[in-house]
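The values are calculated or read from the model by the stated rules, or taken from the named source; none is laboratory data. These figures come from a predicted structure and were not determined experimentally. Counting neighbours? That spans all protein chains shown, and the Cβs are built from the backbone with ideal geometry, glycine included.
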Amino acid sequence: MTDPVRSCILTRERATPRHLVRLALAPDGTILPDVRAKAPGRGAWIGVTRAELETAIAKGKLRGALARAFKTGEIAIPDDLPARIAAALERNALDRLGLEARAGTLTTGTDRIVTAARSGQVRALYHAADAGEDGARKLAQAWRVGSDREGSDVRGLALPLPRTILSLALGRENVVHIALTDRAAAMRVSEALDRWLHFIGFETLIGPRRDTSPEASTAPCETASQGASAHRPGMSGDEASPAATVHEEFE
C-alpha cells in the first residue's frame, strides 16, 4: 500500500508523513508538535530543519502558513516550539529503540554484535556519541566481513546521544553500540532517527550522514557540498538523501 503524500506548508515540497512533522492546533489555539500524527482534527506538516523553522518564525512566515493551513488567524505559536519539536522527535526515536529492544530485534554488547555482524545478521549499526573509535572500527570491520563488503567504507552511525541516555532508553546497562538484526525493525528505527536527525541539522553539524544499512550499499554518498538542506529524506525525485535509501531498500 502506497503511503499518502503531504506538502510542507513552508516549502511546498511533498513527502510521505513518516518523513515530515505534523503540527496540531490545540483547542486554545496553541500550535503543538504531533510527531506521531495521532492528535484529532486538521494538521499541518513541515519538513524543514530547526534552523529553517526558527527563521520562518522570526520572519512571520510560519504564522502565515499555519493561518492558511488551519483557516484561522486565532493561533498561538509557543516561543519554544522548535525546542518542543526537537524534544518530541528525540523522545520518539528513543521510544522506538526501546520498543525494538523489548521485542528482541535489537542487539547490544560488542561481542554479541560482532558475532551477529560476522554471520550477516546485522541490518543497521549505531554508536553512542562517546563510543571509542577502536570499538566502532572493530564492529564496522565485522559488519563489512559479514555483508561481503570488505574494503568498503561502510560503518555505523554515531548518534548525538551519550551512552547514559541510550542505556536509559533501552533499559540496559552501558549501551555503547546498537545493532538491528531485523530488516523491518531497522527500517522503523531508521525512519524515527532520520526525522529527528534531519530536524536538528545533524548533517550540517558533522557532515553528511552515512547509510548504516548493507542493503543500501549501491546508493551514492552525499557530498559535503550538498549539505543538510540539499536533500530532505523522503522528498520526491532526486531530492532523496542517502539516509532515505535505508527506507527504500528495506521496503
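Details
- Restricting 5, 35 to residues that are buried (at least 20 other Cβ atoms within 10 Å of the Cβ), among the β-branched types (Val, Ile, Thr) and touching a strand residue (DSSP E or B) at 6+ places or on another chain (Cβ under 9 Å) narrows the list to 35.
- Residue match in segment 81-99 (condition: touching a strand residue (DSSP E or B) at 6+ places or on another chain (Cβ under 7 Å) and either more than 30 Å from residue 166 (Cβ to Cβ) or part of a loop (DSSP other than H, G, I, E, B) (or both)): no
- Qualifying positions in segment 89-136 - more than 15 Å from residue 173 (Cα to Cα) and small (Gly, Ala, Ser): 93, 103, 104, 116, 117, 119, 120, 124, 129, 132, 135, 136
- Every pair of residues 6+ apart whose Cβ atoms lie under 6 Å, when the first sits in segment 120-149 and is in contact (Cβ under 8 Å) with a residue 40 or more places away in the chain and part of a strand (DSSP E or B) while the second is of a type in the set (Ser, Thr, Tyr) and buried (at least 24 other Cβ atoms within 10 Å of the Cβ): 124/212; 124/213; 125/212
- Flag if residue 83 is of a type outside the set (Asp, Glu), surrounded by fewer than 17 Cβ atoms within 10 Å (Cβ to Cβ) and under 18 Å from the mean Cα position of the chain (by Cα): yes
- For the residues 56, 117, the requirement of being within 23 Å of the chain's Cα centre (by Cα), in the same structural domain as residue 12 (by TED's automatic domain parsing) and either at pLDDT 95 or above or among the β-branched types (Val, Ile, Thr) (or both) singles out 56.
- In this entry, residue 28 is excluded by the filter for residues that are assigned by TED's automatic domain parsing to the domain that holds residue 187, acidic (Asp, Glu) and more than 23 Å from the chain's Cα centre (by Cα).
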